[in-house]
Amino acid sequence: MRRAPGGPGAPGAEPSALWGRIAFWWAAAFAGAHFYWALGGDVGLSVSAGPLATERPLWFVVFGLWGVGALCVLGALLARLLTRPRPGSVLAPPARWLGWGVGALLLTRGIGVEVLLLTGAAHLDASVSEAQRAWTLALWNPWFVLGGVAFGLAALRSRGRRRPSAARALPVRSP
């Protein structure tokens, strides 16, 4: 049994859901990283959190690692809602608004920190090393910008999607 080109499950079958899937995997990856760090992992944490990575005060572990990980899981669930073709659903408008809000927050964080670090407007204390600044500029901030774009475009694209028709959903049998 073969599927019709462009049918459900085919590559590019629902291009409007692409950004929702990207937002989902972005949020899932960040959740995984935060849970890894919360459980004691340290790869990549020192360049992200600086001295907090070695000290690990309770508030940082609870709110900064477990809490952010939990928010990322909620973000993944939101992204999943944005990929569903149900524009008439009761959840659709709040999901779109939350998608816009998450996108704006991530873009503000990514671009705002980038601008502050590049212009030197953020007079950082000595506890923030040059290496930490460089990693933030080169590694972390672009990922926040990507997450913001993904959530924003997922919210934008979720508006006009419709459920596939039954005729297109049926597989095509080959002789």
Approximate spin-label separation Glu55-Ala28, in nm, with each point projected 7 Å along Cα-to-Cβ
3.6
Roughly what percent of Cα-Cα pairs across the stretch 19-162 reach past 19 Å?
56
Assign unit charges at the C-beta atoms only (+1 for Lys and Arg, -1 for Asp and Glu), then state the dipole size of the stretch 19-162 relative to its Cα centre in Debye, rounded to the nearest 20.
1140
Residues of the stretch 32-60 with amide nitrogen under 12 Å from the 7 Å Cα-to-Cβ point of Trp135?
42-54
Within 13 Å, Cβ to Cβ, of Asp42, how many net charges do the neighbouring residues add up to if Lys/Arg are +1 and Asp/Glu are -1?
0
Relative to the compact-globule estimate 2.2 N^0.38 Å (N residues), the Cα gyration radius of the stretch 25-76 stands at a ratio of 1.04
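No value in this document is a laboratory result; all are computed from the given coordinates. Just so you know, these numbers come straight off a predicted model, no measurement behind them. Cβ coordinates were reconstructed from backbone atoms using ideal geometry, including for glycine residues, and neighbour counts include every protein chain displayed.
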